[in-house]
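*Asks:* My structure is below; once you've seen it, I'll send some questions.
The values are calculated or read from the model by the stated rules, or taken from the named source; none is laboratory data. Small disclaimer: the values here were computed from a predicted structure and weren't measured. For neighbour counting, all protein chains shown are included, and Cβ atoms are generated from backbone atoms with ideal geometry for every residue, glycine included. Only protein heavy atoms, including side chains, enter the accessible area calculation; ligands, DNA and RNA are left aside. Shrake-Rupley method; radii C 1.70, N 1.55, O 1.52, S 1.80 Å.
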Amino acid sequence: DVYKRQAVRRGDVVVFEDKVWGKVPMVKRVVAVGGDKVACCDRGGHLTVNGEPVEEPYLADKGPASPTAFTSTVPTGQLFLLGDHRMSSLDSRVHLSDSDHGSVPRGAVKARVDATAWPMKSFGMMPRPAAFEALPGGTSQPGPLRLVVISVVAGAVLILGGAAYGPIARRMGRRGRGGTAAVEGGGARV
């Protein structure tokens, strides 16, 4: 629960559970935090946060940042969450008429997604969106995942190297002794 002690920032992709959304784990991107006014779309088809347009290179769909226009002011202690597949995502826009105006309590967040493994074309670390850096609070620092992966790979190399050392050493030892043999009785060497 290290992530829960840290601030959830705009641009983070989070795993959350909220009873209003069905009390099942969901994954969405935080686009606005408590006090923000989030809207879509400006003349360029961009999402805006506090009147500032946000470039979203991670969007899966081409076109405007949302197929439907919306505006919401996020209550204090809440998060406004959108999917990266905006044309088909069931996200905060679906819950705009709820009492929390589509937002989710910060406490509903269980984890942050720092990397993806599938589909293979998306394999790697989740980039921090530059557009959110300029907003107050900036973006989150990358988690320890990169260091963990490096440690696991280094550990695997050491384990495999250690496991291979015995058989290699035995083979090398046999070669080194193969050229000398004691003759019984005389102690002469060949």
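*Asks:* Can you work out the Karplus-derived ³J(HN,Hα) for every residue in the range 124-136? Use 6.51 cos²θ - 1.76 cosθ + 1.60 with θ = phi - 60°, whole Hz, and x for glycine or proline.
*Replies:* x, 6, 6, x, 7, x, 4, 4, 7, 4, 6, 7, x
*Asks:* Take the cross-link list K23/K62; K37/K110; K62/K121 and give me the ones stretching past 20 Å between alpha-carbons.
*Replies:* Result: K23/K62; K37/K110 exceed 20 Å.
*Asks:* A further question on this structure: Counting only the heavy atoms of the protein chains, how much of I150 is accessible to a 1.4 Å probe, in Å² to the nearest 10?
*Replies:* So the heavy atoms of I150 present about 100 Å² to solvent.
*Asks:* Okay, moving on. Step through the residues of the range 164-173 one at a time and calculate ³J(HN,Hα) from phi using the Karplus curve (6.51 cos²θ - 1.76 cosθ + 1.60, θ = phi - 60°), rounding each to whole Hz and writing x for Gly and Pro.
*Replies:* 7, 4, x, x, 5, 5, 4, 5, 5, x
*Asks:* Looking at the range 1-93, what % of the alpha carbon pairs are farther apart than 16 Å?
*Replies:* Roughly 55 percent, once rounded to a whole number.
*Asks:* Kindly provide the Kirkwood hydrodynamic radius of the range 40-134 in Å, to one decimal, from all pairs of distinct alpha carbon atoms.
*Replies:* 14.7
*Asks:* Give me, ordered by chain and number, the residues 5 or more places off F70 or on other chains with an amide H under 5 Å from its own placed amide H.
*Replies:* Distant-sequence amide H within range of F70: C40, C41.
*Asks:* Could you derive backbone 3J(HN,Hα) for the range 107-122 from the dihedral phi with the Karplus parameters 6.51, -1.76 and 1.60 (θ = phi - 60°), listing whole Hz in sequence and x where the residue is Gly or Pro?
*Replies:* Running phi through 6.51 cos²θ - 1.76 cosθ + 1.60 with θ = phi - 60° gives x, 6, 6, 9, 6, 10, 8, 9, 8, 10, 10, 8, x, 4, 5, 9 Hz.
*Asks:* Along Cα→Cβ, 7 Å out, is where each label goes; now give me the distance between the ones at R128 and A60 in nm to one decimal.
*Replies:* 2.6
*Asks:* What's the Kirkwood radius of the range 6-48 in Å, using all Cα pairs?
*Replies:* 12.1
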